[in-house]
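Read through the structure below, which is laid out as structure tokens, and then see the notes.
The values are calculated or read from the model by the stated rules, or taken from the named source; none is laboratory data. All figures in this text were calculated on a predicted structure; none of them were measured in a lab. Every residue, glycine among them, receives a Cβ derived from its backbone with ideal geometry; neighbour counts consider all protein chains shown. Accessible surface is based on the protein model in full, side chains and every heavy atom, while ligands, DNA and RNA are left aside. Shrake-Rupley method; radii C 1.70, N 1.55, O 1.52, S 1.80 Å.
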Amino acid sequence: MKRILIAVTVLAGMAQAVSAQSSNAASYLVRERIAEACAGGAGPFGPAGIIERDLTGDGRADLILFDHHLSCRGGIGRSRFCGAAACAYTIFVREGDLLRPKHQGLSVENVWIESGTPPVINATGAAASGYATIQLRWDGSGFR
């Protein structure tokens, strides 16, 4: 009985973590990231960890997954893609029905989007003198 309750709890957490995505591709990538980052376990992303927005200016929603906002259950706590000072973020671009990874980086705690077409993506990262904000924008083939 205890195993059934644990399984239902884990599945409910995974469903909660992916329910906010607007596409099957985004939901799939969120589930995959949780399974990989939480060593096959489960855990929810906080709202700031999943960003769906047009990042390339083509009018279709792209995706950013930021592991700083992923809480793994089962004793792991943090995503395996987080180190002592920063966590990974991945930017996916929509190509047809799929979302393909186009950029990966590390950020201390913030990834946010500014307005514009295409918008500017900001990430706070560690620098030699403390923290610095890097800015990325889609140039037609990648984020620079």
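Give the ranking of Tyr28, Tyr131 by solvent-accessible surface, highest area first, calculated with a 1.4 Å probe.
The residues order as Tyr131, Tyr28, largest area first.
Based on Cβ point charges of +1 for Lys and Arg and -1 for Asp and Glu, what charge dipole magnitude is obtained for the stretch 24-106 about its Cα centre, in debye rounded to the nearest 20?
260 debye
Once R0 is set to 22 Å, what does the formula 1/(1 + (r/R0)^6) return for the Cβ-Cβ distance between Ser141 and Tyr28, expressed as a FRET efficiency to the nearest 0.05?
In this case the efficiency is close to 0.35.
May I ask which residue of Ile91, Val111, Phe81 lies farthest towards the positive end of the charge dipole of the stretch 72-121, with charges of +1 (Lys, Arg) and -1 (Asp, Glu) on Cβ and the Cα centre as origin?
Of Ile91, Val111, Phe81, it is Phe81.
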